[in-house]
Each structure stands twice: as C-alpha cells, then as structure tokens.
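Chemist: Below: one structure in structure tokens.
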Amino acid sequence: MARNWFAKVASVTLTLALLAGCGGAKQEPTQEAPKTETQTPAQAETPKTFAVGMATDMGGLNDDSFNAAAYKGILRLESELKVKKNVIESHRQEDYEPNFQTLIDQKVDLVWGIGFLMKESMTTVAERNPNQKFALIDDVVEKPNVASVTFREEEGSFLMGVIAARTTKTKKVGFLGGMESPVISHFEAGFNAGVLAADPTVKVITVYSGSFIDPAKGKSDALAIIGQGADVVFHAAGATGQGMIEAAKEKGVYAIGVDSDQNHLAPDTVISSMMKRVDVAVFEISKAAIDGKFPGGKTTVLGLKEDGVGYAEKTRWDLLPKDLQTEVDQWAAAIKAGKFTVPNDMEKFKSFTAPKL
C-alpha cells in the first residue's frame, strides 16, 4: 500500500511539473482569465469541537465525593483539551434514561454515566443508539459502544483500615456504607482486611444507611456508631457521608472520607480520604475517544498499581501515630507487588488470613 501511495504522489508531481513546463513555453494573452468556482482556494474547515456529556448520579455535583470527582475530570477536559461540556444532574433513578437521551439529542460525542446504578439505563440507551459513544463508571455494560471503568476500591480501603486500626484508642472503629451493593462491599471488605492486618484486636462496627443522598441519616447512623465506642469512622456513602463527617466533628472523633479529598469539610476531623480517581478515568477515557482510540466494549480496571485508588494528599499525618505513613506505604507496595490479594467482599474476607509486612 505504501508503494501505491508513493507512485500516486510521484505521478501527480510529474504531471504538475509537465504542466508548469508547458505553461513556461507558451505566452498567454494579457487578458485575465475569468475566475471560476474551482479556481477559488478552498477554505479550511473549522474542526468540530469535541463535546462530552455527563449525567450525575443522584448525589449531584455537590456531594463532595463521587460525582464531584467525575466533574473535576470534565473541567480538566474543558481546560486542557478545550472540549465542550454538558452536565445534567440526576435527582432520582428515573432521571437516568431521559438524561442520557437529552445529552444524545444535544449532539455530544461521548456520554458519561457516573455510578453503578446507571447500568440498566445506559444499556437500554446504548442499544437504542448504537453509533453513540458511552462510558460508565463502576459497572460493566457489554456493548461495543460503551467503555466501562471499575476500581479496586478494596485496595485503597485496606490502607484506610490500617490508618484506623493504628489510630484508634478505643479499639473500635466504624464503617458507614450507603446502599448495599457489590461496589460498596469492596470498601467494607477492604477496610476490614486492613484493620485485621494492622491490629486484629480492633473491632469494626458497620452500619448501612440505605442511601447515597441523605446526610441527615448518615449523621444519625454515625452517631450510633460513635455511641458504641468507635473513635475513627470511615464512610463509603456519597453525600450521606457528609452527615457522618459532621457527627464525627461534633463528637470529637476522627473521620475518613471517600472518593475525593474531604479534608476541607472538617480539617481537624477528616484525617484521610480513600481517593478513588474517577476524575483521572473520565479524563483519560475521554482523551482516548478524542484521539480516535475509544475503548468501546472494553473494561478498564484501576487499583493501587494503576494509581486509581490511594490515600489523600491532605492526609493529616501530623495527627496520626509516628511512622504511620511509612507503614501504609509499605502495605501499598506489597499490594502493588501482588504479595497478597485484598478481599473484595465480606464472604472472601471470612477466609482472609492477615499477611505480615
């Protein structure tokens, strides 16, 4: 194919040269030839601006957690790659499908769904619009026009368990979950495994609020956990977790945030956050689509090794036991090296044998 391309170029070049030679030998009349449409230089077309649409989960952009992290990725796309953004907030599950269709009708090039609760709606809309590109966070849609992204939340949560177990003075720590689901079980199992590895005498008190959008319920559930003696509480509950942080601040105990760095919500209370880099996933998958390398039909899995999860930059090591950061980094290195596998559900946790560094 390369030779054929070269031959065509050579042929065109030779033809142009011959025509130029003939033109040089013949004197044309001084009268200017009339201009025709074909002789007018064609104007270069303005490249179409790539448009990325995002439908949030029910927590909305102000959840300071999951959706906020995804939006950070959208803003980075707008700033660095000059994409056009279109974001719609969902307030209930019934909003998902019409929100996706609205983004399609507005001619975005890539439609993002943020959260496993959107799987069914995205599957339906993707089947109906086979030429539209979609991407989903936290679950897998097996369609050629959908890119899926999942995380090894258990690996980052393991590190939070180590921090909690080494920090508690009551030997009791808490886990507050949002809605029971396979994804949230990753957080719960990983956290329990980290606590067990760091100090098997520490007890984990677990409560599920049944919602990702109810800070009041999160606060009351967290107060119940704290009332049982927990002095460090970790949440994986979206906006519901804002209530947990408020309860921890009121009671003078420590909180561990999730998805985004939540230290700004209570700087002396939130000692760390389990970072789930949804923003990086949104940016990189979108960039691949812009570059013509959209991973449709494929699943991208991000853990510690891929820098998809980890602890927050603003972790308050100054408030925590001496050398704890070194220990946490050692655990992270062991997980990255494959020295042990962190359980990703509570059934697997039951048979988990705590490793030693």
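The values are calculated or read from the model by the stated rules, or taken from the named source; none is laboratory data. Owing to the predicted nature of the structure, the values given are computational and were not obtained by experimental measurement. Note that each Cβ is placed from the backbone with ideal geometry, even for glycine, and that neighbours are counted across all protein chains shown. Keep in mind that these areas ignore ligands, DNA and RNA; they rest on the heavy atoms of the full protein, side chains included. Shrake-Rupley method; radii C 1.70, N 1.55, O 1.52, S 1.80 Å.
Chemist: Just give me the residues in the stretch 228-261 being over 22 Å from the mean Cα position of the chain (by Cα) and open to solvent by 40 Å² or more (accessible area, probe 1.4 Å), in sequence order.
Modeler: Correct list: Q228, E246, K249, E250, K251, G252, Y254.
Chemist: Additional query: Out of K171, K143, report the one residue that is open to solvent by 10 Å² or more (accessible area, probe 1.4 Å), within 25 Å of G252 (Cβ to Cβ) and modelled with pLDDT of 95 or more.
Modeler: Details: K143 fails: within 25 Å of G252 (Cβ to Cβ).
From the options K171, K143, the qualifying one is K171.
Chemist: Moving on to the next point. Among the residues of the stretch 273-295, how many are at negative phi and either open to solvent by 20 Å² or more (accessible area, probe 1.4 Å) or among the polar types (S, T, N, Q) (or both)?
Modeler: So the count comes out to 14.
Chemist: Right, V301: open to solvent by less than 70 Å² (accessible area, probe 1.4 Å) and either among the charged types (D, E, K, R) or part of a helix (DSSP H, G or I) (or both) or not?
Modeler: No, not satisfied.
Chemist: Turning to a different aspect of this structure: Any idea how many residues of the stretch 42-85 are in a loop (DSSP other than H, G, I, E, B), surrounded by 17 or more Cβ atoms within 10 Å (Cβ to Cβ) and modelled with pLDDT of 95 or more?
Modeler: Total satisfying the criteria: 3.
Chemist: Next question, about the same structure. Does S121 meet the test of being modelled with pLDDT of 95 or more, open to solvent by 10 Å² or more (accessible area, probe 1.4 Å) and within 20 Å of Q242 (Cβ to Cβ)?
Modeler: no
Chemist: Which residues, taken from the stretch 134-191, are assigned to a strand (DSSP E or B), of a type in the set (A, V, I, L, M) and closer than 28 Å to A333 by Cβ?
Modeler: The answer is I137, V149, V173.
Chemist: On to the next question. For V233, are the conditions met, namely being in contact with a His (Cβ under 7 Å, 6 or more places away or on another chain), β-branched (V, I, T), within 14 Å of L176 (Cβ to Cβ) and outside any helix (DSSP H, G or I)?
Modeler: Here the answer is no, as V233 does not meet what is asked.
Chemist: Let me ask something else about it. Quick one: would you say S185 is over 22 Å from A51 (Cα atoms), under 19 Å from the mean Cα position of the chain (by Cα) and surrounded by fewer than 24 Cβ atoms within 10 Å (Cβ to Cβ)?
Modeler: When the stated conditions are applied, S185 passes them.
Results for (1) over 21 Å from F158 (Cβ atoms); (2) under 27 Å from the mean Cα position of the chain (by Cα); (3) open to solvent by 20 Å² or more (accessible area, probe 1.4 Å), shown as yes or no for each residue.
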{"site": "V202", "(1), (2), (3)": "no, no, no"}
{"site": "V207", "(1), (2), (3)": "no, yes, yes"}
{"site": "S220", "(1), (2), (3)": "yes, no, yes"}
{"site": "I226", "(1), (2), (3)": "yes, no, yes"}
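Chemist: Moving to a separate point now. What pairs can you find where one residue is in the stretch 205-216 and in a strand (DSSP E or B), the other is of a type in the set (S, T, N, Q), and their Cβ atoms are less than 6 Å apart, with a gap of 6+ or different chains?
Modeler: Cβ pairs passing all conditions: I205/Q228.
Chemist: Any idea which of I104, I114, I88 is in contact with a strand residue (DSSP E or B) (Cβ under 9 Å, 6 or more places away or on another chain), under 27 Å from P182 (Cβ atoms) and surrounded by fewer than 19 Cβ atoms within 10 Å (Cβ to Cβ)?
Modeler: Selected residue: I88, the only one of I104, I114, I88 that is in contact with a strand residue (DSSP E or B) (Cβ under 9 Å, 6 or more places away or on another chain), under 27 Å from P182 (Cβ atoms) and surrounded by fewer than 19 Cβ atoms within 10 Å (Cβ to Cβ).
Chemist: Also: For the stretch 304-350, what are the residues that are open to solvent by 60 Å² or more (accessible area, probe 1.4 Å), under 18 Å from S272 (Cα atoms) and either without any contact (Cβ under 8 Å) to a residue 12 or more places away in the chain or out of contact with any strand residue (DSSP E or B) (no Cβ under 9 Å at 6 or more places or on another chain) (or both)?
Modeler: Hits for the stretch 304-350 are D307, D318, K322, D323, Q325, T326, D329, Q330.
Chemist: In the stretch 91-100, what residues are open to solvent by 80 Å² or more (accessible area, probe 1.4 Å) and touching a residue at least 24 places away in the same chain (Cβ under 8 Å)?
Modeler: Those that are open to solvent by 80 Å² or more (accessible area, probe 1.4 Å) and touching a residue at least 24 places away in the same chain (Cβ under 8 Å): H91, R92, Q93.
Chemist: Right, next: All but one of (1) in contact with a Phe, Trp or Tyr (Cβ under 8 Å, 6 or more places away or on another chain); (2) part of a helix (DSSP H, G or I) hold for A222; state the number of the condition that does not hold.
Modeler: The one condition A222 does not meet is (1).
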